[in-house]
1. Is it the case, given these coordinates, that Ile113 is more than 26 Å from the chain's Cα centre (by Cα) and in a helix (DSSP H, G or I)?
2. Please verify whether the stretch 146-153 includes one or more residues that are among the basic types (Lys, Arg) and at pLDDT below 95.
3. Which condition number in (1) within 22 Å of Ala326 (Cα to Cα); (2) surrounded by 15 or more Cβ atoms within 10 Å (Cβ to Cβ) is the one that Leu134 fails?
4. Would you confirm whether any residue within the stretch 71-82 is of a type in the set (Gly, Ala, Ser) and more than 23 Å from Glu130 (Cβ to Cβ)?
5. Name the single residue, out of those in the stretch 36-64 being modelled with pLDDT of 95 or more and polar (S, T, N, Q), that is nearest to the chain's Cα centre (by Cα).
6. Could you tell me whether any residue of the stretch 295-317 is among the charged types (D, E, K, R), touching a Gly at 6+ places or on another chain (Cβ under 9 Å) and at pLDDT 95 or above?
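The values are calculated or read from the model by the stated rules, or taken from the named source; none is laboratory data. Given the structure is predicted, the values throughout are model-derived calculations rather than measurements. Positions of Cβ are generated from backbone atoms using ideal geometry, with glycine treated the same way; all protein chains shown enter the neighbour counts.
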Amino acid sequence: MDTELKRQIKNSIEDKRADIIELIELGRDLATDEPEHINHGPNTSMGVPKNTLPKWDDIQLLTAQLAKKPLFDGETVDTQLVIGPRAKSPLVLDIPMFVSDMSYGALSKNAKIALAKGANYAGTGICSGEGGILPEELAANNRYLFEMGTARNGIKPGKEAEFFEKYNGKVKAFHFKGGQAAKTGTGGHLPGAKVTKEIAEVRHITEGQTAISPPTYEDFTSPGEFKDFADLIREGLGGVPIGFKISANHIERDIQFALDATADYIILDGRGGSTGSAPNIFRDHISVPTIPALARARNYLDAQGMKKGASDSVTLIITGGLRVPADFIKAMALGADGIALSNSVLQAIGCVGARICNSGNCPAGIATQDQNLVNKLNIADRADDLDSFFYASTHLMQIMARACGHNSLSQFSMDDLTTWHKEISELTGIAYAGITNDFTPVELPDSAGKLALHNLISQSKIKISAVKQLESFEQLCKGVTLASGSAQAYLTQKQYVDAGYPLEIVLNTLGVRALMRLVPPLMSGSEHRPHLEPYYVGKFQISQIEWQRVTGSTPSEFKLDDNPVNKVTRQECVDFAAKLNSDLVGTGWEVSLPSVEEWIHACRAGTTTQYYSGSLPLDKQGKELSGMSPAQAHSNDMLRVGTIAPPNAYGLYDLYSYIYDFTMTNDFSGQDIYLRGGYYGGFFGSEQHSGSDPNGPAANFKSFRLALRYVGK
């Protein structure tokens, strides 16, 4: 056995032994201590071990060469970050990285000043942390972001006017602290022994008294209350951007809360973020890791129309476990506008990783108030070190930007990423590097004779499952011509799939995530207007939650998120599709309600019987039903999409069950028949019969599904 293998085995055994001893000690404490003595349990510092998290190194960058060209060395690459572009006075940084929230008290005075100076030299900002404003730190940096925590250190209730008078023109951004990845939902405390006279003055508390931060705000609860205070801050500080720092827990709901409170920027702290002190039970067991958290946040903001880098968008800042320039690049490609750094900037000013931040005995003079230790940290030298760190990091990021063909760091996107780890692909939506039949985005050359899917994928609009080269609609249909006056044989769904068309497309835009199934072209003949192109029809009806995300309304009789939307008019359904199309401009794709012919053809799925299942409909177990309404057949079932009966041969659900589908055009016979399927209180309708005034009032049991077509650019 070689020496290296022996060393690895020894280290593994020692690690396991340490874990076992820690568990034994905790078990004894829980068995013998009184609850009031346990408090929050054992405390620790720094973040969780990197080997317990998804790794940035498992994501690879895709550089340019032929189809996409790199830039020449020396070409300018813009590095600017604008925080809160829609604010009256946005905060402009020269680079997309800045110093994250670390409060005076957790860090020493010398450390805070060195960080502020070094960041200022680099043209970037520093956050105050929740401990109030250290005057020397503020004086050292002219891009200062103030964090107000739940204890409201530095801006106590009723003292807002004093805050404005003192800091207007000096504080350039203001954010509420919702939480941090290592300890959210529990508040925090700074022991009285650490509350020096100066710290007490900064926090507006009593010297020597333990500083308590409650788990939540006592004076704000609803988004409206936060908005009112945010507006007060905007007025008092000259229109600075207002943000929220949140930990990655209920990501989408917390982001929506921040949006409702009129946030201009969001700082998202993912699992892996460090802290000076946190209870083990929190640090080790809460929060979504940074990589998937960022992907989810970007996806949600995009769905709300908050596109990355747009002038009317919310700025998304990521923090938590990012260490080196490659991490920063990948985070920006995954959807971050900027990166807030803590651990890496501490290392730049001398942190040795002793992991005893909570002890107050930091040997580098950073996480301590012991003046003998603090004096070891030379402010001027460490500020220069941080400036060099930012300069070198930005330089390497510019080099990679040129290699990827970008003249701005803000241009990094998902198109620049891949991974050979399927788990990372599933966590983030990053394209899997291998061959797969799963829903993996496929990039195709945007050239004549090929489906122009490239822009869809790069904009994260639609993900497709396909592993073969896709032929254009025109090419595939060249040999498929209509025979005058007679039926014409068309390719089957399977033949189109074998030819390379994706069987299923995911339409993902504005809060709608609709699964669309391939339907081959319509047959010609006396009954139908023929189509040459295959099209896609919604696998399910549009759900209530999707309707709510797009329109903001909840018209349905059935209110669960996965109920099909109902009690809508056909015109409202048409308007819904129009909103989605506004977000698909330039992609070559278009959605609408299906025409009557398209709906019938999709429902029949190649059959000629009254129902796609034969002469009778089926229940969800696949048993035939005779003379029964949906209410009778499924009396104990909730009305939820995709739950009533097996799909047809094209993979479409709920075609004749609880709720009718609206169609776009009238019946091919000219009759006013705009509804298809069946409804809750009546008999199962066939795919051919159901009429209604298309412009009539909204009523129960009327819903719709989308059709998706490639119309070209």
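1. When the stated conditions are applied, Ile113 passes them.
2. Just the residues of the stretch 146-153 that are among the basic types (Lys, Arg), to begin with: 152.
Then drop every residue that is not at pLDDT below 95, which leaves 152.
Yes; the residues of the stretch 146-153 include at least one that is among the basic types (Lys, Arg) and at pLDDT below 95.
3. Among (1) within 22 Å of Ala326 (Cα to Cα); (2) surrounded by 15 or more Cβ atoms within 10 Å (Cβ to Cβ), Leu134 violates only (1).
4. Start the filter on the stretch 71-82 by keeping residues that are of a type in the set (Gly, Ala, Ser), which leaves 74.
Checking the rest, the ones that are also more than 23 Å from Glu130 (Cβ to Cβ) come to 74.
Yes, the stretch 71-82 has at least one match.
5. Gln60
6. Taking the stretch 295-317 and keeping what is among the charged types (D, E, K, R), we get 296, 298, 302, 307-308, 312.
With the extra rule that they be touching a Gly at 6+ places or on another chain (Cβ under 9 Å), the set shrinks to 298, 302, 308, 312.
Among the residues that remain, those that are also at pLDDT 95 or above are: none.
Checked the stretch 295-317: no residue is among the charged types (D, E, K, R), touching a Gly at 6+ places or on another chain (Cβ under 9 Å) and at pLDDT 95 or above.
Residue-by-condition table, conditions (1) β-branched (Val, Ile, Thr); (2) part of a loop (DSSP other than H, G, I, E, B):
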| residue | (1), (2) |
| --- | --- |
| Phe164 | no, no |
| Gly169 | no, yes |
| Phe174 | no, no |
| Phe226 | no, no |
| Ile233 | yes, no |
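So that you can scan it fast, the table gives a plain yes or no per residue for (1) of a type in the set (Lys, Arg); (2) at pLDDT 95 or above; (3) surrounded by fewer than 23 Cβ atoms within 10 Å (Cβ to Cβ); (4) in a loop (DSSP other than H, G, I, E, B):
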position: Ala336; (1), (2), (3), (4): no, yes, no, yes
position: Ala340; (1), (2), (3), (4): no, yes, no, no
position: Gln347; (1), (2), (3), (4): no, no, yes, no
position: Gly353; (1), (2), (3), (4): no, no, yes, yes
position: Asn358; (1), (2), (3), (4): no, no, yes, no
position: Gln369; (1), (2), (3), (4): no, no, yes, yes
